[in-house]
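Accompanying notes for the structure given below.
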Amino acid sequence: MATSQIPQIINLAGKSALITGASSGIGRSTAVLFRQLGASVIAVARNADRLKELVEECETIKQPGFIHAVSADVTREDDVDSLFTSVQQKFGDKFDILINNAGLLEKGSILETDTKQYDRVMDLNLKAIYNITAKAAQYLINAKGNVVNVSSVNGMRSFPGVLAYNISKAGVDQLTRCVALELAAQGVRVNSVNPGVTVTELHRRSGMDDKAYQSFLDHSKSTHALGRAGQSIEVARAIAFLASDAASFITGVTLPVDGGRHAMCPR
Ligand code: NDP
């Protein structure tokens, strides 16, 4: 068979997707890749300027469909309500794919984490995913669509000094399994990707300076079996696979995208 006749395994042509945390890192790479694969995208984050840059980049992609940016804080009920007004306007009463990606990392052990920090991390990393998934459920049922949550290797393994983050991501993994079982009968699949260290703004936003971040990336060479940190596009590709019909018999999985980190004992 000539190469041009081989069907494209990961194809999102004609699909509609809502992606949170799309202004940088994994979410941004996912939004661009989804447009390249033919999906229409609603891209959500707080920073309107960065969303505008994303829209400008996506408008150079020659594929049917569109990208529409919504500036919203997904931890705020009123913002999420406005977001779903935009969803209704752009997608109607159904859409195919929900990517729950927005998240933050804050350091702190059990001795250092106060309830304000705990709530801040849980509100974004877990409660917002619950809230958006609940609001999206009927749209996804109408489309027989699917959800991909962006969890972390920290949901599967524990690392000291990031207590709230670890708990939030373990919660995301359990939410993934729960909702997968609850919506399977309606034809909706729910999965997560669990990245290892990935080069994005996440760690810098948590307070690491240039030197600490470089040393963290150097350390990743020994903590990831493949000998390096990942790139956001490598996570985006796994998200696109799980969101596509190529994964039609996959639901309830938490897929490590971590260069083998989850399989390793500490060195
Ligand atoms: P980035 O910091 O680059 O991206 C985070 C995104 O979330 C940004 O687009 C940010 O946009 C958005 N965001 C943050 N707070 C809110 C909010 N309240 N409402 C709406 N959007 C918000 O980090 P990553 O790309 O790395 O993070 C994406 C996901 O990947 C997270 O869930 C993270 O936990 C997970 N992950 C990342 C790993 C890594 O090593 N990078 C490893 C494992 C998991 P804005 O500021 O404009 O709102």
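Residues that are of a type in the set (D, E, K, R) and surrounded by 15 or more Cβ atoms within 10 Å (Cβ to Cβ) within the range 229-267 comprise E234, R237, D258, R261, listed in sequence order. Taken over the range 124-172, the criterion of being among the charged types (D, E, K, R), under 18 Å from S82 (Cα atoms) and within 16 Å of the chain's Cα centre (by Cα) is satisfied by K127 alone. Evaluated against (1) near the ligand (Cβ under 9 Å from one of its atoms); (2) farther than 24 Å from A143 by Cα; (3) part of a helix (DSSP H, G or I); (4) in contact with a strand residue (DSSP E or B) (Cβ under 7 Å, 6 or more places away or on another chain), V55 falls short on exactly one condition, (1). Residue check: S82 meets all listed conditions (1) of a type in the set (G, A, S); (2) crowded, with 18+ Cβ neighbours inside 10 Å; (3) within 14 Å of the ligand (Cβ to nearest atom) but one, namely (2). Please work out if T60 is touching a residue at least 60 places away in the same chain (Cβ under 8 Å) and either of a type in the set (S, T, Y) or touching a Cys at 6+ places or on another chain (Cβ under 9 Å) (or both). Against the criterion (touching a residue at least 60 places away in the same chain (Cβ under 8 Å) and either of a type in the set (S, T, Y) or touching a Cys at 6+ places or on another chain (Cβ under 9 Å) (or both)), T60 does not qualify. Count, please, the residues in the range 58-79 that happen to be farther than 24 Å from L33 by Cα and part of a helix (DSSP H, G or I). Within the range 58-79, residues that are farther than 24 Å from L33 by Cα and part of a helix (DSSP H, G or I) number 3.
Within the range 64-79, can you find the residues that are touching a residue at least 40 places away in the same chain (Cβ under 8 Å) and more than 14 Å from the ligand (Cβ to nearest atom)? Correct list: P64, G65.
Being closer than 16 Å to L255 by Cα and at pLDDT below 95 narrows it down to one residue among R189, R237, R157; which is it? After applying the criteria, what remains is R157.
Look at (1) under 14 Å from V150 (Cα atoms); (2) away from the ligand (no atom under 15 Å from the Cβ); (3) polar (S, T, N, Q) and you find that S232 fails only one, number (2).
Listed by first and then second residue, the pairs linking a residue in the range 11-24 that is within 15 Å of the ligand (Cβ to nearest atom) to a residue that is part of a loop (DSSP other than H, G, I, E, B) and among the hydroxyl-bearing types (S, T, Y), with Cβ atoms under 8 Å apart and 6 or more places separating them unless they lie on different chains, are S24/T200. For the range 6-49, filtered to residues that are in contact with a strand residue (DSSP E or B) (Cβ under 9 Å, 6 or more places away or on another chain) and surrounded by fewer than 20 Cβ atoms within 10 Å (Cβ to Cβ), the residue that is nearest to Q88 (Cα to Cα) is G14. Quickly run through the range 246-267 and pick out the residues that are hydroxyl-bearing (S, T, Y), in a loop (DSSP other than H, G, I, E, B) and within 15 Å of N149 (Cβ to Cβ). The one that is hydroxyl-bearing (S, T, Y), in a loop (DSSP other than H, G, I, E, B) and within 15 Å of N149 (Cβ to Cβ): T251. The residues of the range 106-123 that are among the aliphatic types (A, V, I, L, M) and either surrounded by fewer than 20 Cβ atoms within 10 Å (Cβ to Cβ) or more than 10 Å from the ligand (Cβ to nearest atom) (or both), listed by number, are I110, L111, M122. Under the condition of being without any contact (Cβ under 8 Å) to a residue 12 or more places away in the chain and of a type outside the set (S, T, Y), the residues counted in the range 80-111 number 5.
The values are calculated or read from the model by the stated rules, or taken from the named source; none is laboratory data. Because the structure is predicted, anything quoted here is derived from the model rather than measured. So basically every Cβ, Gly included, is an ideal-geometry build from the backbone, and we count neighbours across all protein chains shown.
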